[in-house]
1. From the list 75, 56, which one is within 16 Å of the ligand (Cβ to nearest atom) and either modelled with pLDDT of 95 or more or assigned to a loop (DSSP other than H, G, I, E, B) (or both)?
2. Are any residues in the range 189-203 away from the ligand (no atom under 16 Å from the Cβ) and either in contact with a helix residue (DSSP H, G or I) (Cβ under 9 Å, 6 or more places away or on another chain) or modelled with pLDDT under 95 (or both), and if so, which ones?
3. Name every residue in the range 96-114 that is closer than 24 Å to residue 274 by Cα and over 13 Å from the mean Cα position of the chain (by Cα), in order of residue number.
4. Given the criterion crowded, with 16+ Cβ neighbours inside 10 Å, within 16 Å of the ligand (Cβ to nearest atom) and modelled with pLDDT of 95 or more, identify the matching residue among 226, 260, 238.
5. Considering every residue within the range 153-160, establish whether at least one is within 16 Å of the ligand (Cβ to nearest atom), touching a strand residue (DSSP E or B) at 6+ places or on another chain (Cβ under 8 Å) and either more than 21 Å from residue 272 (Cα to Cα) or without any contact (Cβ under 8 Å) to a residue 40 or more places away in the chain (or both).
6. Taking the range 104-119, which residues are loosely packed, with under 15 Cβ neighbours inside 10 Å and either in contact with a strand residue (DSSP E or B) (Cβ under 9 Å, 6 or more places away or on another chain) or more than 14 Å from residue 145 (Cα to Cα) (or both)?
7. Please go through the range 74-97 and give me each residue that is out of contact with any strand residue (DSSP E or B) (no Cβ under 6 Å at 6 or more places or on another chain) and surrounded by fewer than 20 Cβ atoms within 10 Å (Cβ to Cβ), ordered by number.
8. Being at pLDDT 95 or above, within 16 Å of the ligand (Cβ to nearest atom) and either in contact with a strand residue (DSSP E or B) (Cβ under 6 Å, 6 or more places away or on another chain) or not assigned by TED's automatic domain parsing to the domain that holds residue 260 (or both): is that true of residue 51 here?
Ligand SMILES: [Fe+2]
């Protein structure tokens with residue numbers, strides 16, 4: 001007896017952008033005959049919708065709430081731009097959740113300091129105290145994971161880096177238009193996604209025009225423009241809005257938007273205090289500073 005089998009292969013994401021359809025004929029002796037195989041992609045394979053997250057800082061409640069929100073965005077991939085640990089009481093749990101989400105992960109200064117790849121001489125007293133606690137709490141496997149993180153992600157559509165793209169291992173901040181103007185010449189990508197300041201902003205560079213900082217919830221990138229984009233912080237926002245923050249960029253329409261997410265702040269503050277971490281680290285979460 002002959003059977004007909006139809007196969008459908010697609011990418012793993014919830015919003016499939018491509019698929020292959022095949023039809024096979026086979027009999028009971030397992031003789032397979034491939035009759036038809038076709039890629040049914042209608043839009044380019046390279047159109048990608050990406051969620052950018054960073055600066056989780058061991059805040060598991062904010063991270064899980066952001067993960068729930070990202071599910072509603074139907075992204076093709078998640079890119080992490082550094083600082084999974086530091087300040088918060090759940091560094092191991094956040095690392096393990098990150099590992100389950102993506103392989104696209106760059107290092108932040110807190111990650112490298114916790115892993116012993118750099119000194120903490122530039123850290124303030126609160127950050128230094130949290131760093132010691134984090135080092136004592138991390139498992140060996142998670143410490144090794146932090147050591148393995150690269151300084152930048154050189155993707156086809158963008159550069160991803162935690163701090164300034166000019167010298168990523170110096171961990172310089174890009175706070176304002178002057179900072180941004182100075183670094184646009186140090187990378188060649190049209191888009192550069194950064195983190196580190198914990199404050200969302202977009203720096204736009206058009207030909208023969210000064211760099212302009214913008215703070216929109218949604219943006220359509222000019223085809224001739226270059227951009228440095230900061231998506232804020234998941235676990236310790238510092239722009240006066242205590243809600244977790246992340247960004248979504250879709251290459252199919254060249255649009256970007258920022259998402260803010262409420263999370264269980266009180267639980268996080270209790271954990272920080274129970275762990276013996278500085279009280280200020282719990283307090284600042286409620287004011288977004
Ligand atoms: Fe950070």
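The values are calculated or read from the model by the stated rules, or taken from the named source; none is laboratory data. This is a predicted model, so every value here is computed, not measured. Note: ideal-geometry Cβ built from the backbone for every residue, glycine included; neighbour counts use all protein chains shown.
1. It is 56.
2. Going residue by residue through the range 189-203, those that are away from the ligand (no atom under 16 Å from the Cβ) are 189-192, 202-203.
Result: 192, 203.
3. 96, 110, 111, 113, 114
4. 238
5. Yes: the range 153-160 contains one or more residues that are within 16 Å of the ligand (Cβ to nearest atom), touching a strand residue (DSSP E or B) at 6+ places or on another chain (Cβ under 8 Å) and either more than 21 Å from residue 272 (Cα to Cα) or without any contact (Cβ under 8 Å) to a residue 40 or more places away in the chain (or both).
6. Within the range 104-119, 119 is the sole residue that qualifies.
7. Pass one, the range 74-97, residues out of contact with any strand residue (DSSP E or B) (no Cβ under 6 Å at 6 or more places or on another chain): 74, 82-97.
74, 92, 93, 96, 97, listed by residue number.
8. no
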